[in-house]
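Here the structure is laid out as structure tokens; the discussion comes afterwards.
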Amino acid sequence: MMTQILGCCGRYIQGYGEIKNLKKHIGWMGEKYLCVASKNRLRDLKDTILKAMEGKEVFFCQFDKECSWEAIRDITEAGKNNGVQAVIGVGGGKIADTIKVVADELGGIPQAILPTIAATDAYTSAAALIYGSDGTVVDVKNYPHSPDVVLADTEVLLKGPARLYVSGMGDALSTYIGGVVCQNHYFENHFGGTGTHTALAVAKLSYDMLLKYGRQAKIAAERHTLTDAYNAVTEVNILMSGMGFENNGSASDHCFYFGTLALPEREEYVYHGEGVAFSTCCQLVMQGASSEQLDEVYRFCRDVGLPITFDDMHLPNLTDEEYDIMTKAVLKEQFILHHPFPVTYEMILGAYKTADAIGHLYHEGGSLL
Ligand SMILES: [Zn+2]
């Protein structure tokens with residue numbers, strides 16, 4: 001039998017105003033903490049964190065760069081100088097990744113992550129992407145364990161822009177669609193094992209919950225008000241999506257999006273999860289998903305405002321040369337090997353063009369059914 005691996009953050013906590021109970025959740029980590037956040041988040045949350053951590057020593061460090069080796073060295077230095085026993089990251093995916101590396105550099109000390117936007121599934125994962133000065137990924141770290149504590153305070157998250165929240169839904173949408181292909185064919189997950197039944201159940205649940213609550217959760221996010229649907233989709237975006245992608249594995253659900261990033265003459269206008277939503281549509285088309293499933297996914301994306309055409313992706317009037325560049329870029333992506341059939345140039349090009357045409361059909365009020 002193949003080895004199955006399941007990984008997740010040590011503890012996940014979600015609640016409105018829960019930062020106020022921070023010490024209760026992370027006080028076991030030590031007496032001295034280094035808290036890393038952007039200038040704006042320090043302005044908003046420094047006092048709350050200090051009050052919550054009363055009796056402990058907290059040093060603050062401003063993060064205003066990329067998750068780069070330069071930033072990591074500076075923060076690690078600050079941690080060493082103050083003899084901290086744990087690190088806290090307050091922010092988005094880049095701060096989460098930075099904290100993972102810093103905690104490791106400081107000898108593998110405990111780490112807590114306080115997400116401020118529900119747009120990424122990086123918080124619970126054991127991986128970190130490190131960027132160079134030109135904005136490209138220079139290092140990918142895969143640590144043997146995920147962050148110890150992820151504390152999602154919905155009062156903080158609700159202040160974030162609705163578009164980012166919806167983008168998180170796009171990233172979450174890919175979780176089951178990519179993961180189920182891996183699981184069905186015993187491909188490796190991101191930990192180098194095969195997936196567990198638990199992981200597949202979590203991914204399926206995330207998919208069902210998106211379809212059930214996503215539309216109303218978006219409305220709550222736009223109004224910056226807490227509803228049960230908002231709460232549910234926050235759990236989908238942060239916990240289920242993070243657990244799901246790592247523990248099940250990926251197929252071409254991100255590859256078609258990465259293909260568009262290879263276009264030299266085009267600016268990138270969409271957020272990660274937005275591009276992933278369209279990419280997921282392309283995967284479904286390529287693998288011959290039923291019209292029923294395509295209908296379900298296209299309607300959902302259209303309703304919440306996730307891209308379903310190249311126009312939505314801000315990539316109008318693509319030339320044959322551009323299609324060629326994108327298609328060749330997809331062919332180089334390793335996760336296309338996680339399909340049970342060989343993926344060819346013609347299949348990728350066909351999926352791009354057909355997924356876009358189906359998107360137009362849905363924008364015009366048409367349907368596959
Ligand atoms: Zn993603």
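The values are calculated or read from the model by the stated rules, or taken from the named source; none is laboratory data. Computed from a predicted model, the values in this text were never measured in an experiment. When we count neighbours, we look across all protein chains shown, and the Cβ atoms used for this are built from the backbone with ideal geometry, even at glycine. Just so you know, the surface numbers come from the protein's heavy atoms only, side chains and all, with ligands and any DNA or RNA stripped out. Shrake-Rupley method; radii C 1.70, N 1.55, O 1.52, S 1.80 Å.
Descriptive notes on the structure:
- Low-density loop cleavage sites - GluC sites (Glu not before Pro) in the range 225-287, where at most 16 other Cβ are within 10 Å (DSSP): E265, E267, E268
- For V58, the residues whose amide H sits under 5 Å from its own are Y33, ignoring neighbours fewer than 5 places away on the same chain, with H placed 1.01 Å from N.
- Considering only I75, P144, L45, and ranking their Cα positions along the charge dipole of the range 24-174 that arises from unit charges at the beta-carbon of Lys, Arg, Asp and Glu, the one farthest toward the positive end is L45.
- Nearest 10 degrees, 0 to 90: helix 162-184 Cα axis against the chain principal axis: 70
- Applying a DSSP loop filter and a limit of 15 other Cβ atoms within 10 Å to the chymotrypsin sites (Phe, Trp or Tyr not before Pro) in the range 138-189 leaves Y186.
- For the range 212-369, the solvent-accessible area of protein heavy atoms averages 43 Å² per residue (probe radius 1.4 Å; ligands and nucleic acids excluded).
- Nearest-10 value in Å² for the accessible area of W69, using the 1.4 Å probe: 70
- Bridge orientation summary for the chain: considering DSSP beta bridges with both residues in this region, about 15 percent are antiparallel.
- Helix 345-363 vs. the chain, principal-axis angle (Cα, 0 to 90°, nearest 10): 90
- Lys/Arg +1, Asp/Glu -1 at C-beta; the chain dipole; positive extreme among P110, L368, A217: P110
- Under 5 Å, built H, 5+ apart or other chain: amide partners of D139: I130
- The gain in end-to-end length when the N184 to K32 segment is fully stretched comes to 50.1 nm, 0.36 nm per residue minus the alpha carbon separation.
- Gain in span if fully extended, L205 to D44, counting 0.36 nm per residue against the direct Cα distance: 54.6 nm
- Residue ranges 343-355, 81-93, 128-140 sort as 81-93, 343-355, 128-140 when ordered by packing (mean number of other C-beta atoms within 10 Å per residue, highest first).
- Rounded to 10°, Cα long-axis angle of helix 93-105 versus longest principal axis of the chain: 50
- Efficiency of FRET from Cβ geometry, K20 and K212, R₀ 35 Å, rounded to 0.05: 0.70
- Entry comment: accessible area of the range 7-150 is 44 Å² per residue, from protein heavy atoms only and a probe of 1.4 Å.
- Partner lysines whose Cα lies under 30 Å from the Cα of K212, excluding those fewer than 8 positions away in the same chain, are identified as K94, K159, K204, K353.
- Per-atom-type breakdown for the range 1-113 gives carbon and sulfur 47% of the accessible area (1.4 Å probe, protein chains only).
- Anchor K141: aspartates and glutamates whose Cα lies under 19 Å away (excluding residues fewer than 8 positions away in-chain): E66, E70, D74, D97, D104, E105, D121, E188, E246, E333
- Cα pair count fraction exceeding 20 Å, expressed as % - the range 73-172: 40
- Of the trypsin sites (Lys or Arg not before Pro) in the range 1-69, not one is in a loop by DSSP (not H, G, I, E or B) with at most 13 other beta carbons within 10 Å.
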